[in-house]
Amino acid sequence: MGPVFAGVLQLLALIGALAIIHVPLGNYMAKVYSSDKHWGVEKWIYKGIGANPDTEMRWTAYLRGVLAFSAVGVLFLYLLQRLQGVLPGSLGFSSIDPDQAFNTAVSFVTNTNWQSYYGEQAMGHVVQTAGLAVQNFVSAAVGIAVAVALVRGFARSRSGELGNFWADMVRGVTRILLPLAFVAAIVLVACGAIQNFSGIHEVGQFMGGSQEWNGGAVASQEAIKELGTNGGGYFNANSAHPFENPTPFTNLFEIFLLLAIPFSLPRTFGVLVGSVKQGYAILATMATIWVAFIGLMWWTEFAHRAPAFEIAGASMEGKEVRFGIGASSIFAVSTTLTSTGAVDSFHSSYTGLGGGITLLGMMLGEIAPGGVGSGLYGILIMAIIAVFIAGLMVGRTPEYLGKKIGTREIKLAACYILVTPALVLVLTAAAMALPTPANSMTNGGAHGFSEILYAYTSASNNNGSAFAGLNADTQWFNSTLGIAMLLGRFVPMVFVLALAGSLGEQKPVPVTAGTLRTEKPLFTGLLVGAILIITGLTYFPALALGPLAEGLA
Amino acid sequence: MNNSVTNTARLLGAGLRALLVLTLVTGVIYPLAVTGIAQGLFNNKANGSEIRADGKVVGSSLTGQAYHLPLKKGQETPEPDLKWFQGRPQNGLGTNSVNTQYKLILSGATNRSGDNPELIQWVKDAKAAVVKDNSVLGYTVKPSEVPADAVTSSGSGLDPDISPQYADLQVHRIAEQNGLPVAEVQKLVDEHTEGRTLGFIGEPRVNVLELNIALKELVAKS
C-alpha cells in the first residue's frame, strides 16, 4: 500500500468516526443547552459564583458576562505567570516577563494558544495545570455559549432573551468538555502520553550520560487542548512531541478530538432551530471545504516541489516518521480550519503552496468546521451574507430560518467579517514597514513575509499555530499579537450577540414559495461560493506576495 | 454612574468566583484524577515509557537520541558512532536560554522553508554523509536510494523512528563495523520493523533505540 492510499484510508476512517459521533453528540449538546435541570455539582458552582442560573439575559447582559469573565481570566493568568518565581510547584522557573505574560494570558483566554515561550523550560506545574489548562476548558465553553446564544436568537421570537451566560458556560464545562476530556486523557495515557508530576529529572542514555526531562500533567492537558480547539502544547514541539502524541493511532485520535465538537455543533443548531436539515446544509458546507483542502494539501505535499525537498526526495522536513506525509497533512488542514493551532508537523517547512493552504484555512475565518462555538457562529454569519447576496439577485428581502435579514442584521454581519481582515492586513503592513520586526524572521524572501502574515492571521483568527521560524518573543510581537488576539476574539462576539438579540426580538416570517430554501444543496453551493469569494477578494494580494510567490517560483 | 461602577464590580466579582471554582474543578481535581488513574493503571507509560538495558535506564522508547562519539578536543560538532544505527538529523532541537540552571531537552523543528539556502545545504551534506558512511566494501549506496527521513529533521527533533528503507540502508555498515553477518543484522531490522497500525494508520517505521539495544545484545552474544 502506498502512502497516498494509506492517507485516503485514514481520512475515510476519520469521516466514518465523525459521521457516527455527530448525531448523538449534537443531540446531547442540544439537550445540555435546553434542559432546565441543574446537576448537584452545578448548583454548588452557581452558589460559589453567586449567580442565579435561571435568569434570562438580553444580549447586553450576556455580553457583559462574557467580557467580565474573560477580563478576570486574563488578569488571573497574567498574575499567575508574573508570580511564578515565588509560587511553589514552579520547578525553579522564574517569573515570565510582562510582555510575554500579557501575550500568553490573552492567548489562552481567547482560545488562541499562541505560544511565544518554550513550554518545557518556561512554565511550571502550577501555571500549566491551574492556569493554562483551566483556560483551555473555560475559553472553549465561552465559545460554545456565544454560539448557542446566537442559535437561540434564531429559534426564539418576540423576545430578546438569549439564555443565561453562567449556566451555559458552566454546563459546557461540566456536561460536555470535562467528561469527554477525561475519557480522552485516559486513552492518550494508555497509548503512551505522559501524566506525572516528576518535574525535571534525569534519564539515562544509550551512549552513557543522561538527559534532563520535564515531566508533567501532559495527557490531561493534551485531551482538552484538542477537544476545546485550543492548541497550546505542553512542550515546544506541541503534538509532534512523542510524549504528547506517541503513536500513529493517537495522532488520528487527536485529529478526531479537535474535529468532534465543531462537526457536531451543526446538529445541535439543527435540533435547536427545529430543523435538522438546516443543520445538514451547514455541515455539508463545512465538510466540503475541509475535504477539498485536505485533497489540495496532499497534492502539493506529495509532489514536494521545493529545492530542498527535491534533493531530499520528499517533504519530510518538520514531519515525524510515525505520522508520515498523509496523516500530517490531515492534521495541518484540520488544525487551521478549526481554531486549534496544535501541530503534529511544522507548517513553516511545508511546501510553499502547502503553507499557503494552512494560511487560507485560517483566513476563511475558521468555519470549516471552525473552533468550538466560534466555527458555528462564524459560518452562520456567512450564511446570512450568502442569503443576502441571493436576495439581491432576485430582488426579495432576504430571510434566514424565518427571520428577516434587514439593514441592522446585515450591518452587524458585515462588521463581523471586516474585523479580522482589518487586523491581519493592517498589522502585517505595519510590521513590514517598521525597521525592527523583520529581524525576527528565520527565512528570507517571500517566506519571511509569510512568517509575519501567518503570525497576524493566526492571532487575529485565534488559531495559535505558527510559521515558527518567527522569533515572536519581542515586545513588538508580544504586544501587537496580544492586541490582535483580544480584538479578534471579542469584537466579533459583540456583533454576534447584538445580532442574536436583534433576531430574537423579531416575529417569524412565514415560509412562502419565494423563500430561499436554505436546507437544499443549492444553498450549500452558494454558501461555499460566498465563503471562498469573500475571503479570496480580501486576502489574494497578501497571499500572492507570500505563499503563492514561494510556491510558484 | 455610581450605580454602573457597583454593577461592574459585582460582575467582575462573579467572574472571579466562577474562575476560582472552575480552576478547582478543571485545574486541580481533573489533572489529579487523571494522574491517579494513569499512575495506577499505566504506570510505565505515564512516566515516559522508559526502557532498560543491562539493568540501567537507557532512555524512553518514545523519544529519539543521538548516537555520537564523544567530542574530541577542539571539536564542536560530534561525529556519529557508526557502530550503531543512526536516527534522523536533529537540527531543530533548542538550546537552554531562559533557565540555564537546567540542561533540558528542548523539542522543536528547524522551521526552515523548502527554499531556505541553509536547509538545502543541510540536506545536501546529510545526503553525502549517509552515502559515504554506508558505502562499505561490496555495497555502494546510490544518492537516489537515500530516503527523505535520513536527511531531514523531524517536527519534534526527537523522532524515535526511522523509515525501514533507512534502516535497511545501514545494515551493511552495521554488519561490517560490528563484525556480524549481514543476514543476521538484516534479520534484526526486519524483526524491529513495525508496519502501519491496523494496516493503514501512520507509516511503517523502525524504533532506533530498541533496535540498538537488540544490536548490543547480538554483539555481546557473538
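Which of the residues spanning segment A:487-522 are hydrophobic (A, V, I, L, M, F, W, C) and buried (at least 23 other Cβ atoms within 10 Å of the Cβ)? Lay out the reasoning, then the answer.
So the first thing to find is which residues in segment A:487-522 are hydrophobic (A, V, I, L, M, F, W, C), and the list is A:487, A:490-491, A:493-500, A:503, A:509, A:511, A:513, A:516, A:522.
Listed by number, the residues that qualify are A:493, A:496, A:497, A:499, A:500, A:503.
Please enumerate the residues belonging to segment B:1-16 that are surrounded by fewer than 18 Cβ atoms within 10 Å (Cβ to Cβ) and either in a helix (DSSP H, G or I) or in contact (Cβ under 8 Å) with a residue 40 or more places away in the chain (or both). So that I can check it myself, show each step before the final result.
So the first thing to find is which residues in segment B:1-16 are surrounded by fewer than 18 Cβ atoms within 10 Å (Cβ to Cβ), and the list is B:1-10, B:12-13.
Answer for segment B:1-16, where residues must be surrounded by fewer than 18 Cβ atoms within 10 Å (Cβ to Cβ) and either in a helix (DSSP H, G or I) or in contact (Cβ under 8 Å) with a residue 40 or more places away in the chain (or both): B:2, B:3, B:4, B:5, B:6, B:7, B:8, B:9, B:10, B:12, B:13.
Checking residue A:152 against (1) out of contact with any Leu (no Cβ under 6 Å at 6 or more places or on another chain); (2) assigned to a helix (DSSP H, G or I); (3) away from every other protein chain (no Cβ under 14 Å), which test does it fail?
For residue A:152, the exception is condition (1).
Would you confirm, using the coordinates I've provided, whether residue A:251 is of a type outside the set (A, V, I, L, M) and in a helix (DSSP H, G or I)? Reasoning before the result, please.
Numbers: of a type outside the set (A, V, I, L, M): yes; in a helix (DSSP H, G or I): yes.
Answer is yes for this residue.
Might you check whether a residue that is facing chain A (nearest Cβ under 9 Å), under 30 Å from residue B:118 (Cα atoms), within 13 Å of the chain's Cα centre (by Cα) and not in a helix (DSSP H, G or I) occurs anywhere in segment B:186-202?
Looking for residues that are facing chain A (nearest Cβ under 9 Å), under 30 Å from residue B:118 (Cα atoms), within 13 Å of the chain's Cα centre (by Cα) and not in a helix (DSSP H, G or I), one finds none in segment B:186-202, hence no.
Residue check: is residue B:114 in contact (Cβ under 8 Å) with a residue 24 or more places away in the chain, surrounded by 16 or more Cβ atoms within 10 Å (Cβ to Cβ) and in the same structural domain as residue B:153 (by TED's automatic domain parsing)? Talk me through it step by step, then tell me what you get.
Details: in contact (Cβ under 8 Å) with a residue 24 or more places away in the chain: no; surrounded by 16 or more Cβ atoms within 10 Å (Cβ to Cβ): yes; in the same structural domain as residue B:153 (by TED's automatic domain parsing): yes.
Here the answer is no, as residue B:114 does not meet what is asked.
Considering segment A:299-334 alone, what residues qualify as being of a type in the set (A, V, I, L, M) and not in a helix (DSSP H, G or I)?
Residues of segment A:299-334 that are of a type in the set (A, V, I, L, M), as a first pass: A:303, A:306, A:308, A:311-312, A:314, A:316, A:321, A:325, A:327, A:330, A:332-333.
Across segment A:299-334, the qualifying residues are A:306, A:314, A:316, A:321.
From the list A:181, A:130, A:147, A:185, exactly one residue is surrounded by fewer than 23 Cβ atoms within 10 Å (Cβ to Cβ) and under 26 Å from residue A:39 (Cβ atoms). Which is it? Even if it seems obvious, please write down each step before you answer.
On the way: A:181 fails: surrounded by fewer than 23 Cβ atoms within 10 Å (Cβ to Cβ); A:147 fails: surrounded by fewer than 23 Cβ atoms within 10 Å (Cβ to Cβ); A:185 fails: surrounded by fewer than 23 Cβ atoms within 10 Å (Cβ to Cβ).
Unique residue meeting the criteria: A:130.
Starting from residues that are under 17 Å from residue A:249 (Cβ atoms) and within 14 Å of another protein chain (Cβ to nearest Cβ), keep the ones in segment A:16-44 and report whichever is surrounded by the most Cβ atoms within 10 Å (Cβ to Cβ).
A:17
For every residue, the table says whether it meets (1) of a type in the set (Phe, Trp, Tyr); (2) in a helix (DSSP H, G or I); (3) over 18 Å from residue A:455 (Cβ atoms).
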{"residue": "A:85", "(1), (2), (3)": "no, yes, yes"}
{"residue": "A:89", "(1), (2), (3)": "no, no, yes"}
{"residue": "A:104", "(1), (2), (3)": "no, yes, no"}
{"residue": "A:115", "(1), (2), (3)": "no, no, no"}
{"residue": "A:136", "(1), (2), (3)": "no, yes, yes"}
{"residue": "A:140", "(1), (2), (3)": "no, yes, yes"}
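Among (1) without any contact (Cβ under 8 Å) to a residue 24 or more places away in the chain; (2) buried (at least 23 other Cβ atoms within 10 Å of the Cβ); (3) not acidic (Asp, Glu), there is one condition residue A:371 misses while meeting the rest; what is its number?
So residue A:371 meets the others, but not (1).
How many of the residues in segment A:490-546 are closer than 18 Å to residue A:423 by Cβ and either of a type in the set (Ser, Thr, Tyr) or outside any helix (DSSP H, G or I) (or both)?
Residues that pass the stated criteria total 3.
Of A:315, A:329, which residue is within 19 Å of residue A:12 (Cα to Cα), in contact with an Asp or Glu (Cβ under 6 Å, 6 or more places away or on another chain) and among the small types (Gly, Ala, Ser)? Let's see the steps before the verdict.
Values: A:315 fails: within 19 Å of residue A:12 (Cα to Cα).
It is A:329.
Checking residue A:235 against (1) farther than 26 Å from residue A:123 by Cβ; (2) touching a strand residue (DSSP E or B) at 6+ places or on another chain (Cβ under 9 Å), which test does it fail?
With (1) farther than 26 Å from residue A:123 by Cβ; (2) touching a strand residue (DSSP E or B) at 6+ places or on another chain (Cβ under 9 Å) applied to residue A:235, the lone miss is (1).
Within segment A:265-275, work out how many residues are part of a helix (DSSP H, G or I) and either under 12 Å from residue A:227 (Cα atoms) or more than 18 Å from the chain's Cα centre (by Cα) (or both). Give the derivation first.
First pass over segment A:265-275, keeping only residues part of a helix (DSSP H, G or I): A:265-272.
Next, from what is left, pick out any that are either under 12 Å from residue A:227 (Cα atoms) or more than 18 Å from the chain's Cα centre (by Cα) (or both): A:267-272.
Here the count works out to 6.
Name the residues in segment A:422-464 that are under 15 Å from residue A:474 (Cα atoms) and among the aromatic types (Phe, Trp, Tyr), would you?
The one that is under 15 Å from residue A:474 (Cα atoms) and among the aromatic types (Phe, Trp, Tyr): A:456.
What residue, among those in segment B:147-177 that are β-branched (Val, Ile, Thr) and at the interface with chain A (Cβ under 7 Å from one of its Cβ atoms), is surrounded by the most Cβ atoms within 10 Å (Cβ to Cβ)? Steps first, answer last, please.
Going residue by residue through segment B:147-177, those that are β-branched (Val, Ile, Thr) are B:151-152, B:162, B:171, B:174.
After this cut, where a residue has to be at the interface with chain A (Cβ under 7 Å from one of its Cβ atoms) as well, the list is B:151-152, B:162.
Working: B:151: 27, B:152: 31, B:162: 26.
Among residues in segment B:147-177 that are β-branched (Val, Ile, Thr) and at the interface with chain A (Cβ under 7 Å from one of its Cβ atoms), the one surrounded by the most Cβ atoms within 10 Å (Cβ to Cβ) is B:152.
Can you tell me which residue in segment B:61-87 is surrounded by the most Cβ atoms within 10 Å (Cβ to Cβ), limited to those that are under 18 Å from residue B:172 (Cα atoms) and facing chain A (nearest Cβ under 9 Å)? Quick ask: steps written out before the conclusion?
Initially, segment B:61-87 is screened for residues under 18 Å from residue B:172 (Cα atoms), giving B:67, B:80-87.
Okay, now just the ones that are also facing chain A (nearest Cβ under 9 Å), so B:67, B:81, B:84.
Details: B:67: 20, B:81: 14, B:84: 22.
This residue is B:84.
Are any residues in segment A:197-247 in contact (Cβ under 8 Å) with a residue 40 or more places away in the chain and assigned to a strand (DSSP E or B), and if so, which ones? So that I can check it myself, show each step before the final result.
Here is the first cut: in segment A:197-247, the ones in contact (Cβ under 8 Å) with a residue 40 or more places away in the chain are A:197, A:199-200, A:214, A:216-217, A:220-221, A:223-236, A:238-240, A:242-247.
Answer for segment A:197-247, where residues must be in contact (Cβ under 8 Å) with a residue 40 or more places away in the chain and assigned to a strand (DSSP E or B): A:199, A:200, A:214.
Could you please let me know if residue B:53 is buried (at least 16 other Cβ atoms within 10 Å of the Cβ) and at the interface with another protein chain (Cβ under 7 Å from one of its Cβ atoms)?
Details: buried (at least 16 other Cβ atoms within 10 Å of the Cβ): yes; at the interface with another protein chain (Cβ under 7 Å from one of its Cβ atoms): no.
When the stated conditions are applied, residue B:53 does not pass them.
The values are calculated or read from the model by the stated rules, or taken from the named source; none is laboratory data. Quick caveat, the model's predicted, so the values are computed rather than measured. FYI the Cβ positions are ideal-geometry reconstructions off the backbone, even for glycines, and counts take in every protein chain you see.
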